[in-house]
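Undergrad: Got a structure for you, questions after.
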Amino acid sequence: MIKIGIVGDIGSGKSYVARQFKCSVFDADLEVSKIYKKSRICHKKLKDKLPNYISSFPTKKKEISRAILDNSKNLKKITKVVHPIVRKKMNSFIKKNKNKKIVVFDVPLLLENKIYKGDYVIIFVDAKKKEIQKRLKKRLNYNPKILNKLKKIQLSLEIKKKKSNYLINNNFKESNIKKSVKLLKKKILKNERSSS
């Protein structure tokens with residue numbers, strides 16, 4: 001199994017690139033949303049750690065955002081609760097797809113996390129800052145202060161780039177991205193065959 005990890009800046013189009021591989025994708029942000037909606041255990045733990053912010057079940061993203069904005073330390077408390085649950089889900093995703101040739105991971109903190117053991121093919125999605133800003137502003141939950149706090153717990157883009165095996169330039173033109181991913185997928189499979 002080839003595990004492909006997609007990394008890059010917030011808003012660089014990682015999820016879109018991940019989907020273009022036409023393989024099973026583990027989308028960490030989507031999983032976190034599901035955890036907030038469905039996990040009573042997670043809700044209870046968050047409520048215990050952040051009693052002034054978390055109210056009734058299901059966990060509301062607005063409350064999480066408020067906790068992060070009020071105090072950066074709250075972000076650490078949240079990740080301590082949420083990340084182990086995401087990791088469990090990721091492990092069961094790997095087991096479920098163990099016979100697949102390629103699986104893709106769209107995990108914002110893949111390189112920062114204990115999950116990463118170096119056995120991933122890392123692809124860095126590169127995009128112009130101006131384009132990223134334009135796209136982020138269109139998001140419903142756009143909040144530059146929260147984005148800055150999230151970026152502080154991530155490795156710098158330079159380090160992510162250095163740790164990556166491949167780079168994809170995202171100019172947000174659909175046909176270009178599809179073509180780039182198709183070529184890259186072939187390349188990865190060819191390299192895998194020659195190294196095994």
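The values are calculated or read from the model by the stated rules, or taken from the named source; none is laboratory data. These numbers come from a predicted model, not from an experiment. Neighbour counts run over all protein chains shown; Cβ positions are idealised from the backbone, glycine included. Ligands, DNA and RNA are stripped out before the accessible areas are found, and what is left, the full protein with its side chains, is counted by its heavy atoms. Shrake-Rupley method; radii C 1.70, N 1.55, O 1.52, S 1.80 Å.
Undergrad: Of the residues Glu131, Glu192, only one is modelled with pLDDT under 95, touching a strand residue (DSSP E or B) at 6+ places or on another chain (Cβ under 9 Å), open to solvent by 50 Å² or more (accessible area, probe 1.4 Å) and part of a helix (DSSP H, G or I); which? Reasoning before the result, please.
TA: Values: Glu131 fails: touching a strand residue (DSSP E or B) at 6+ places or on another chain (Cβ under 9 Å).
Exactly one of Glu131, Glu192 is modelled with pLDDT under 95, touching a strand residue (DSSP E or B) at 6+ places or on another chain (Cβ under 9 Å), open to solvent by 50 Å² or more (accessible area, probe 1.4 Å) and part of a helix (DSSP H, G or I), namely Glu192.
Undergrad: Given the residues Glu112, Glu131, Glu63, which is the only one that is within 14 Å of Lys163 (Cβ to Cβ) and among the charged types (D, E, K, R)?
TA: Step by step, each of Glu112, Glu131, Glu63 is checked, and only Glu112 is within 14 Å of Lys163 (Cβ to Cβ) and among the charged types (D, E, K, R).
Undergrad: Ok, one more. May I ask you to list the residues in segment 148-160 that are part of a helix (DSSP H, G or I) and touching a Leu at 6+ places or on another chain (Cβ under 7 Å)?
TA: Matches in segment 148-160: Lys149, Lys160.
Undergrad: In addition: Being modelled with pLDDT of 95 or more and more than 17 Å from the chain's Cα centre (by Cα), is that true of even one residue in segment 102-120?
TA: yes
Undergrad: Now for a separate question. So is Phe26 over 27 Å from Gln133 (Cβ atoms), in contact with a strand residue (DSSP E or B) (Cβ under 7 Å, 6 or more places away or on another chain) and of a type outside the set (Asp, Glu) or not?
TA: Yes; evaluated as a whole, the condition is true for this residue.
Undergrad: Hey, another quick one. Can you find even one residue in segment 60-82 that is closer than 19 Å to Gln154 by Cβ, within 14 Å of the chain's Cα centre (by Cα) and not acidic (Asp, Glu)?
TA: Checked segment 60-82: at least one residue is closer than 19 Å to Gln154 by Cβ, within 14 Å of the chain's Cα centre (by Cα) and not acidic (Asp, Glu).
Undergrad: Right, something else. Count, please, the residues in segment 62-116 that happen to be open to solvent by 20 Å² or more (accessible area, probe 1.4 Å), among the polar types (S, T, N, Q) and in contact with a helix residue (DSSP H, G or I) (Cβ under 8 Å, 6 or more places away or on another chain).
TA: The number of residues fulfilling the criteria is 3.
Undergrad: Just give me the residues in segment 165-175 being touching a strand residue (DSSP E or B) at 6+ places or on another chain (Cβ under 8 Å) and not in a strand (DSSP E or B), in sequence order.
TA: The initial filter retains those residues of segment 165-175 that are touching a strand residue (DSSP E or B) at 6+ places or on another chain (Cβ under 8 Å), namely 165-170.
Within segment 165-175, Asn165, Asn170 qualify.
Undergrad: Also, I was wondering about something else. Every residue in segment 150-180 that is within 18 Å of the chain's Cα centre (by Cα) and among the β-branched types (Val, Ile, Thr), please.
TA: Ile153, Ile159, Ile168
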